[in-house]
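I have placed the structure first, in the form of structure tokens, so that the comments after it can refer back to it.
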Amino acid sequence: MPPGPGGSVPALPAQTTGTGMATGPTAVVGTYPEYALAQQAVDHLSDNKFPVQRTSIVGTDLRLVENVLGRLTTARAAVAGAASGAWFGLLIGLFFGIFSDSSWIAVLLTTVVIGAVWGAIFGAIAHAATGGRRDFTSRSSLQAATYEVHADADVADEARSLLISLNWRASGAQ
């Protein structure tokens with residue numbers, strides 16, 4: 001490979017070292033039911049000067065959870081479309097306002113109103129086009145059943161002993 005602009009040969013991603021990515025075998029040093037607890041464990045390792053760039057948090061048994069937020073009617077779709085259109089109109093209005101000789105506020109308000117009207121129209125049409133196949137709003141999230149903290153095999157024993165001290169203190173023991 002020819003040298004780069006600095007005169008050195010650029011490294012391929014697999015050839016880079018010290019990036020925080022595991023380069024060899026890893027071992028599970030802790031398993032937690034919630035991500036916040038796994039994050040707290042890695043934070044504890046960091047607080048104790050452990051080389052946290054040699055750790056990772058791995059979610060296992062992933063599932064997609066869709067929480068239904070409510071019924072979606074044509075009117076609600078139009079309101080949501082109006083809100084999206086108003087934001088887009090605001091963005092366009094800011095660009096036009098910068099380069100406009102006329103009243104900056106008038107340009108901004110005009111583009112927001114036009115964006116809201118068109119957004120409402122398109123939101124209502126898009127909802128009506130579904131023919132009632134999806135008459136609800138929802139929020140999707142990816143969740144794991146457990147979260148494992150992994151560490152490189154050569155430092156795993158040190159990580160385990162630090163995490164044991166964390167659990168010992170969390171239990172209230174002296």
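Leaving ligands, DNA and RNA out of it, rank W104, W118 by accessible area with a 1.4 Å probe, largest first.
Values: W104 110, W118 135 Å².
Greatest to least solvent exposure: W118, W104.
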Query raised in the report: Using 20 Å as the cut-off for backbone N distance, which residues of the range 104-148 belong to the label zone defined by a point 7 Å from the Cα of L37 along Cα→Cβ?
Result: 142-148
Report summary line: Residue separation between W104 and S138 times 0.36 nm, minus their alpha-carbon distance, gives in nm 8.5 nm
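Around V42, with a cut-off of 14 angstrom between Cβ atoms, what is the net charge of the other residues, counting Lys and Arg +1 and Asp and Glu -1? Don't skip to the answer; put the middle values down first.
Details: positive: K49, R54, R160; negative: E34, D43, D47, E148, D152, E158.
Charge balance in the 14 Å sphere: -3.
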Query - Under-5 Å amide H pairs with L72, H placed in peptide plane, nonlocal only - result: F136, T137
Report summary line: Computed ³J(HN,Hα) along the range 156-164: with the Karplus parameters 6.51/-1.76/1.60, θ = phi - 60°, integer Hz and x for glycine or proline, the list is 5, 5, 5, 5, 4, 5, 5, 6, 5
**Report entry** Amide H contacts under 5 Å for T146, placed H, 5+ residues apart
**Finding:** T60
Query - Among G89, L72, A151 - extreme Cα towards positive end, dipole of the range 50-174, charges at beta-carbon - result: L72
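The values are calculated or read from the model by the stated rules, or taken from the named source; none is laboratory data. This one's a predicted model, so the numbers in the text were calculated from it and none came from an experiment. Counting neighbours? That spans all protein chains shown, and the Cβs are built from the backbone with ideal geometry, glycine included. Ligands, DNA and RNA are excluded from the accessible area calculation, which covers all protein heavy atoms including side chains. Shrake-Rupley method; radii C 1.70, N 1.55, O 1.52, S 1.80 Å.
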